[in-house]
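Visitor: Shown below is the structure under consideration.
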Amino acid sequence: MTSEVRRYRYGLDAKAVECVEDVLSNDENSTNAELAEYFQKQGLSRLQAESVMCHREDYLLNIYRTGEGPLRASQHR
């Protein structure tokens, strides 16, 4: 019996979403390019890193409860 890893928006797993949400919610100083590069170093693909950046302003301006941010929407199959 194998358990399937849950995937969220852009094919991210829970650990990646947690990392991205933390950075997008708190890093006001880095440029988008710097953050995209950082995300890639954390294991995201270039496309994933560029895709999550469209949520940057949303995470900076809004407070989300744990587990309820926009990146937590399940990946459609």
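Visitor: Condition (residue is surrounded by 18 or more Cβ atoms within 10 Å (Cβ to Cβ), touching a Phe, Trp or Tyr at 6+ places or on another chain (Cβ under 7 Å) and small (Gly, Ala, Ser)) applied to region 45-53: is it met by at least one residue? Working first, answer last.
Guide: Initial filter on region 45-53 (surrounded by 18 or more Cβ atoms within 10 Å (Cβ to Cβ)): 48-49, 51-52.
Restricting the remaining residues to those that are touching a Phe, Trp or Tyr at 6+ places or on another chain (Cβ under 7 Å) gives 48-49, 51-52.
Retained after the next criterion (residues that are small (Gly, Ala, Ser)): 49, 51.
Yes, some residue in region 45-53 is surrounded by 18 or more Cβ atoms within 10 Å (Cβ to Cβ), touching a Phe, Trp or Tyr at 6+ places or on another chain (Cβ under 7 Å) and small (Gly, Ala, Ser).
Visitor: Report, ordered by the first and then the second residue, all pairs with beta carbons closer than 6 Å, sequence separation of six or more or different chains, a first member in region 5-21 that is surrounded by 16 or more Cβ atoms within 10 Å (Cβ to Cβ), and a second member that is assigned to a helix (DSSP H, G or I) and among the basic types (Lys, Arg).
Guide: Tyr8/Arg72
Visitor: Note down all Cβ pairs under 6 Å where the first residue falls in region 50-73 and is at pLDDT below 95, the second is exposed (fewer than 14 other Cβ atoms within 10 Å of the Cβ), and they're at least six residues apart or on different chains.
Guide: Close Cβ pairs (under 6 Å, with a partner that is exposed (fewer than 14 other Cβ atoms within 10 Å of the Cβ)) do not exist here.
Visitor: Kindly check whether there is at least one residue in region 1-11 that is aliphatic (A, V, I, L, M) and at pLDDT 95 or above.
Guide: No: zero hits.
Visitor: Restrict the check to region 17-29 and report whether at least one residue is among the aliphatic types (A, V, I, L, M), within 11 Å of Leu71 (Cα to Cα) and assigned to a loop (DSSP other than H, G, I, E, B).
Guide: The answer is no, given that none of the residues of region 17-29 is among the aliphatic types (A, V, I, L, M), within 11 Å of Leu71 (Cα to Cα) and assigned to a loop (DSSP other than H, G, I, E, B).
The values are calculated or read from the model by the stated rules, or taken from the named source; none is laboratory data. As the structure is a computational prediction, the values presented were derived from the model and not from experiment. For neighbour counting, all protein chains shown are included, and Cβ atoms are generated from backbone atoms with ideal geometry for every residue, glycine included.
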